[in-house]
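The values are calculated or read from the model by the stated rules, or taken from the named source; none is laboratory data. Remember, predicted model here, so these are calculated numbers, not experimental data. Note: ideal-geometry Cβ built from the backbone for every residue, glycine included; neighbour counts use all protein chains shown. In case anyone asks, the SASA skips ligands and DNA or RNA and just uses the protein heavy atoms, side chains included. Shrake-Rupley method; radii C 1.70, N 1.55, O 1.52, S 1.80 Å.
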Amino acid sequence: MSKKADQPAAEAPAELLDLEVTEPKEWAAGIPAVYEAFKDLVQETGLLRGLGASLKMNQKGGFDCSSCAWPDPDDDRSSIAEYCENGAKALAEEATTKKLTEEFFAQNAVADLAKLNDYEIGKKGRIAQPVYLPDGATHYQTISWDDAFKKIAAKLNSLASPNEAAFYTSGRTSNEASFMYQLFVREYGTNNMPDCSNMCHESSGTALTEVIGIGKGTVTLNDFYDTDVIIIMGQNPGTNHPRMLSALEKAKKNGAKIIAINPLHEAGLTAFKDPQKVKGFLGISVKLADLYLQVNINGDLALLKAIEKLLLDAEKENPGKVFDQKFIKKDTVGYEELVKHLEKQDVNKLCEAAGVPVEQVQEAAEMLKHKHRIIICWAMGITQHLNGVDTIKEIANLVLLKGSIGKPGAGLCPVRGHSNVQGNRTMLIWEKLKDAEARKLKEVFGFDPPKEKGFDVVETIKAMHAGKLKFFFAMGGNFLSATPDTNYTAEGIRKMDMTVHVSTKLNRSHLVHGKEALILPCYSRSDKDIINGVEQIVSCENSMGVVQESKGVLKPISDRFLSETQIVCRLAKATIGDKSKTDWDLYQSNYDHVRDVIAKVIPGCEDYNKKIRKPGGFYLPNGPRDGKFKTEKYGDKAAFSVTKLPHYKLADDEYMMASIRSHDQFNTTIYGLEDRYRGIHNERRVIFMNEKDIQLAGFKAGDKVDLFNYGDDVERVARLFVIVPYSIPERNTATYYPETNVLVPINSVAEGSNTPVSKRVIIKIKRHTA
């Protein structure tokens, strides 16, 4: 094991399986979803372990699902199954009885494991003990917890500056672990805290903070049940947030209309068969979208402006009947400037830029004209664009024009992806620390937090290349596979002196590493966490600002796991030692002590231990939800924005590509090789194309192609993809990530948020060459 290791592959192998293509579905869920969920649970966990745990998932007194951040109902949650197919698959992944022991790592070289695809890597099982990869070694080897902490502490203390270290956070991390993690990192001396928000809803937080004063959504789940119109933009709830379908079904039953805006035709926006209801069980679906606008990739801003221009014309004909002029006058600034801008717009040109027929846009405007209880939802299809921040400001414009905020059944709803990604930020996981937060940390803990801004995700990768970073620590996640420009990122990671990952299962980030590498295995959400005979609880914040407890129910399959909070506290103690002003032993002994200090630092978390134990938890303060605004520039007013349309021109052989999830994955975790809603079976290396584009380029369905991007004059290539005709606008294409993250240029980022632009990648498509 002392010989120099081969360089492990940064990408999954370019190998095709046995692709089968069938007709895409026109509805989501139903009995097939129940079957797939049950199958995965039984295969990975056994009948009793998995099904028993599933009955406690998202239930009061149980544990929070580790996948999406969709909220649980406040008062009418199902007593049978308050989870979806992908939630069950997430549980199967973490509750598996398969484990990677010392023998596994001795028998499998890192370079050999890297030759597997991401699905194969993830299915190996839970990591059962801490492991260490020495400099130049080919195999991970078992290490004790104490020795692991000593090695990491020695490396951290050997750095010339704390700013040579970066500490990444995944959305899985609990509030308690997140708070202690940022406390350790800041007492150590850096704000280098890139996190998964940097890659998803950073654009939402940036835009909303500026225009309404809070970087979160303003609605509750109950608002969906009593609204007039729901607009869903750049989001595929059937795959990414399946429990949202139940809320949409209830909204439809209560009379709401739904407008879906998305480049691809998606089953989960079309119809829903609820398997927990008799009609759904019998195969009877509920229609969801009343109007489906298949917008061009990043045509959303033009579409919104077209709708607003049509509404402005209607407002001029009937003043005060279309726009909420009382609200606009009392609670906003910038209305006149926006009106002047809209008056200059040409609806026909806007519709052409959006790729949506004028007649359909007129229908959308008509649906909104006399309605003031409107909810707009969005996700990565909006945020991961060069102008993502501006598009979200335009979403806010529409809501403000209609006065659809601060009242029941109305508001803004950025739908978060990971189950505590919003809670991470609330707990101060951010590369920026506000002055008030710094003062509070000093007041409670007695040290001066660093003031300079740290690195976000893209800045972290660039700092790796520039030699500014020597050490990288990841609290969960799969950093390599989640980030852009895969090979560039891998080169940066390999420059690190040490990489450390806190993880439950093996992933590709463990296989592309620094000179030294460690993997520290932690409890999953469903695992019992018992300290000194006391079962611990943690807490998470969902997409609508509800903080609730999570308590594991399963016996861990290894006695060598630690919780994330314990890992942080023990590492902090080993690193900072007697110089620390923090009682790390106290906080790792019982998480009630952690919540006691959270209550002193985080607004809205006063009396945290009491409130978290109430059934359903508690709502964090949200001024705009209550009709109160406090923006940095405009005081107690919400702000309209004047945004600029992007001007793109494709060469004759160029296409726009959006990277998307299959139905059989959650973020970078691949559950299987089936995307049954889109008719893709036993394969992931596909590219969805418009039928006309396929013919014009001289291709046919089933052709094997290579995909190229030339951003920054660098050739990037993703090899061996199969063409699949699909309902998508011309010159638009879609592929699954992480396989095509290699095509996303590191310098292609959203203005204002620095979020990687993964939803509009310019590609060329060429016949595959071996």
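Structure above, values below:
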read-out	value
Cα gyration tensor shape of region 330-440, rounded if a/c is under 1.5, else prolate or oblate by comparing a/b with b/c	prolate
Percent accessible area from carbon and sulfur atoms, region 459-555, protein chains only, probe 1.4 Å	46 percent
Under 13 Å, Cβ to Cβ, from P449 - net charge with Lys/Arg +1 and Asp/Glu -1	+2
Of all accessible heavy-atom area on region 353-455, the percent that carbon and sulfur account for (1.4 Å)	52 percent
Kirkwood hydrodynamic radius of the chain, from inverse mean 1/r over distinct Cα pairs, in Å	26.5 Å
Expected 222 nm ellipticity per residue - DSSP helices of 4 or more, -39500 (n - 2.57), all of the chain, to 500	-9500 deg cm²/dmol
S539 long-range amide H proximity, modeled H, under 5 Å	N175, E176, S550
Contact order normalised by residue count of the chain, Cα under 8 Å, 6+ apart, percent	22 percent
Straight-distance crosslink candidates among lysines, where the alpha carbon sits under 17 Å from K25 and sequence neighbours closer than 8 are dropped	K273, K287
Region 251-309 - percent relative contact order, Cα under 8 Å, separation 6 or more	39 percent
Alpha carbon centroid spacing (whole Å) that separates region 293-324 from region 125-174	52 Å
Sequence-distant residues sharing a close amide H with D195 (under 5 Å, placed H)	T169, V457
Ranked by how many other beta carbons lie within 10 Å on average, peptides 295-303, 524-532 from highest	295-303, 524-532
Convex hull of Cα atoms in region 635-706, direction-averaged projection (nm²)	9.3 nm²
Cβ-based charge dipole, region 144-224, positive-most Cα from S204, T220, M180	M180
Listed residues V546, N108, A410: farthest to the positive end of the dipole of the chain (Cβ charges)	V546
Debye intensity ratio in log₁₀ form over the Cα atoms of region 24-76, taken at each q of 0.19, 0.23, 0.24, 0.31 Å⁻¹	-0.84, -1.05, -1.08, -1.16
Rounded accessible area per residue of region 459-531, 1.4 Å, Å²	22 Å²
Fraction of the pair-distance distribution of region 287-365 above 15 Å, Cα-Cα pairs, percent	60 percent
Residues whose placed amide H lies under 5 Å from that of I680, excluding near-sequence neighbours	T22, D675
With every protein chain in place, region 668-770: carbon and sulfur % of accessible area (1.4 Å)	49 percent
Convex hull (Cα only) mean projected area of region 558-680, reported in nm² to one decimal	17.3 nm²
Surface accessible to a 1.4 Å probe, per residue, for the residues of region 285-430, Å²	34 Å²
Per residue accessible area of region 97-245, 1.4 Å probe, in Å²	26 Å²
Intensity falloff of region 611-737 expressed as log10 I(q)/I(0), Debye formula with alpha-carbon point scatterers, at q = 0.11, 0.13, 0.21 Å⁻¹	-0.66, -0.76, -1.23
For region 641-709, with +1 on Lys and Arg beta carbons and -1 on Asp and Glu, the positive-most of T643, N709, N682 along the dipole	T643
Distribution of pairwise C-alpha distances over region 503-598, 5 Å bins, in %	2, 11, 18, 20, 19, 15, 11, 3, 0
Where no second cysteine Cβ lies under 4.7 Å, the cysteines concerned in the chain	C65, C68, C84, C196, C200, C351, C522, C540, C569, C605
Over region 35-188, equivalent-ellipsoid semi-axes from the Cα gyration tensor in Å	34, 24, 13
Radius of gyration, Dmax [region 214-290; alpha carbons; angstrom]	12.5, 44
Separation between Cα centres of region 640-692 and region 474-533, rounded to whole Å	26 Å
Contact order relative to length of region 196-249, as percent, for alpha carbon pairs under 8 angstrom and 6 or more apart	21 percent
